[in-house]
1. In degrees between 0 and 90, to the nearest 10, how far off the longest principal axis of the chain does helix 169-178 point, with axes built from Cα atoms?
2. Check cross-link reach from LYS338 to the lysines: straight Cα distance under 17 Å, and skip same-chain residues fewer than eight apart.
3. Quick check on segment 6-261: take the gyration tensor over C-alpha atoms, sort the square-rooted eigenvalues as a ≥ b ≥ c, and tell me if it's rounded (a/c under 1.5), prolate or oblate.
4. Would you work out if segment 116-220 is rounded, prolate or oblate? Take a ≥ b ≥ c from the square roots of the eigenvalues of the alpha-carbon gyration tensor; rounded if a/c is under 1.5, else prolate when a/b is larger than b/c, oblate otherwise.
5. From Cα pairs below 8 angstrom and at least 6 apart in sequence, can you work out the relative contact order of segment 275-337, rounded to a whole percent?
6. So what is the relative contact order of the chain, in percent, for Cα pairs below 8 Å that sit 6 or more residues apart?
7. Between helix 250-259 and the chain, what is the angle of the helix's C-alpha long axis to the longest principal axis, kept within 0 to 90° and rounded to the nearest 10?
8. Loop only by DSSP, 14 or fewer other Cβ within 10 Å of the Cβ. Give me the GluC sites (Glu not before Pro) in segment 261-370 that pass, ordered by residue number.
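Each reported figure results from applying straightforward, stated rules to the coordinates on display, with no laboratory input. Note that the coordinates shown come from a computational prediction; the quantities given were computed from them, not determined experimentally. Neighbour counts are summed over all protein chains in view; Cβ atoms, including those assigned to glycine, are modelled from backbone coordinates with ideal geometry.
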Amino acid sequence: MRRFDPEQAMVETRRVFGEHGGVVPSIERSSTFSVLEPGTMPEIFAGEKNPEMGGCFLYSRHFNPTVNVLSRYLSAMEGTEAGICTATGMGAITVTILQICKLGSHLVSSNTIYGGTHAFIKEVLPEMGIESTFVDPTDLGAVEAAIRPETKMIYVETMGNPKLNIADLPALSKLAREHDVKLVVDNTFTPVMISAKELGADVVLYSLTKFINGASDLMGGAVLADKNFIFELMDLHKGRAMLLGPAMDSRVAFDIAQRLPLLPLRMREHSRRTLAIAEAMAEMGVAISYPGLKSHPQHELISSLVNESYGYGGLLTVDCQTLKKAEHLMSVLQNQEKFGIIAVSLGYYDTLLSCPGSSTSSEISEDEQRKMGLSPGLVRVSIGLSGSLSVRIEQMKRALIEVGLAE
Ligand code: PLP
């Protein structure tokens, strides 16, 4: 039996019609909003009124009607009470951390997370008097041992970037409750596939730039949580989202909202193709990691977390051991086989290839990369939706043979 059905939950969200009854929402481009009576303005600033409480939009860095439509669809997808959208994923991550952690706070973070988040936690937070401990998220003992009296949050990615290791969200949530800390989960790699809030996350974060948008043409982020936390973030006098100002533009919100209904279909197809390619690579004896393969160390765990029918996601990695070999493989895949494009990011409809050790995780020192088991020759592949699957498999097989990773 399914725990939660994100696709159905999105469909059942109140549909927003356009101003003239259009089947799509209107784009509200105003930066500022009129109030009917001057006395309403102080009520808005006192936090007594906002779009969710007694109406009243104020200013688009606070709440915007079109951005709210996207936030509402995303919070329905995740099963949270509320949400806000931001200009980028980093905007969502940084305001959330700064809302929960203040001077003197400590946080426990997974050591396998996106390099930008890692750099923010490691380099920027100490300058604000916020300490952190990085741990292997799959080692629950290490997570618990790192918790201190001043710890405010456990931060993980459901599927870690770039190692594709899986966080045991129900177990981490139990730990978080026992120690009265918040479990904050970046679910960017596994939207609709894994419902992080249903599995115990207090705050769910997304980079919408990836699978949720799906076309690599727009940037965005989201914070999905209970109403109290969202209102705290948007508090006009103290809210980190309001005051640091990573607001999403209404035109971007409209475009992403239009692509959201196709997300479940896209995720299923990403997963179907990635599994087929991963199986073909595994048969050739290549050092491949894909959570959908039984050889993945957390295959059983992820099988217990995924929502039925979405598969195991659109990312796989192959360890080529050395950077030179990784570059050779990416070059053959891009320039000879036309299998994919060498570019950072993921979740695009075309295949993207990158070598995280020297790109998106290069903020992490070589020593730490070694400790977290990140090989310099690791190639991360975000499998796209384009082309014939059988041709794609043949292209990959030829490339692996050409660079000497298989015979
Ligand atoms: N979270 C994860 C897992 C990511 O991979 C990335 C970017 O690669 C981000 C967050 C940051 O998102 P954005 O680039 O939209 O700021």
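1. Tilt of helix 169-178: around 50 degrees.
2. Filter leaves LYS397.
3. On the way: a/c = 2.03, a/b = 1.47, b/c = 1.38.
Cα axes put segment 6-261 in the prolate bin.
4. Working: a/c = 2.00, a/b = 1.34, b/c = 1.49.
Oblate, since a/c reaches 1.5 and b/c is not below a/b.
5. In percent, rounded to a whole number, it is 29.
6. Values: 821 pairs, mean separation 67.2, N = 407.
Result for the chain is 17 percent.
7. Long axis of 250-259 versus the principal axis of the chain: about 50 degrees.
8. Details: sites: GLU269, GLU279, GLU283, GLU300, GLU308, GLU327, GLU337, GLU363, GLU366, GLU368; in loops: GLU308, GLU337, GLU363.
The qualifying sites are GLU308.
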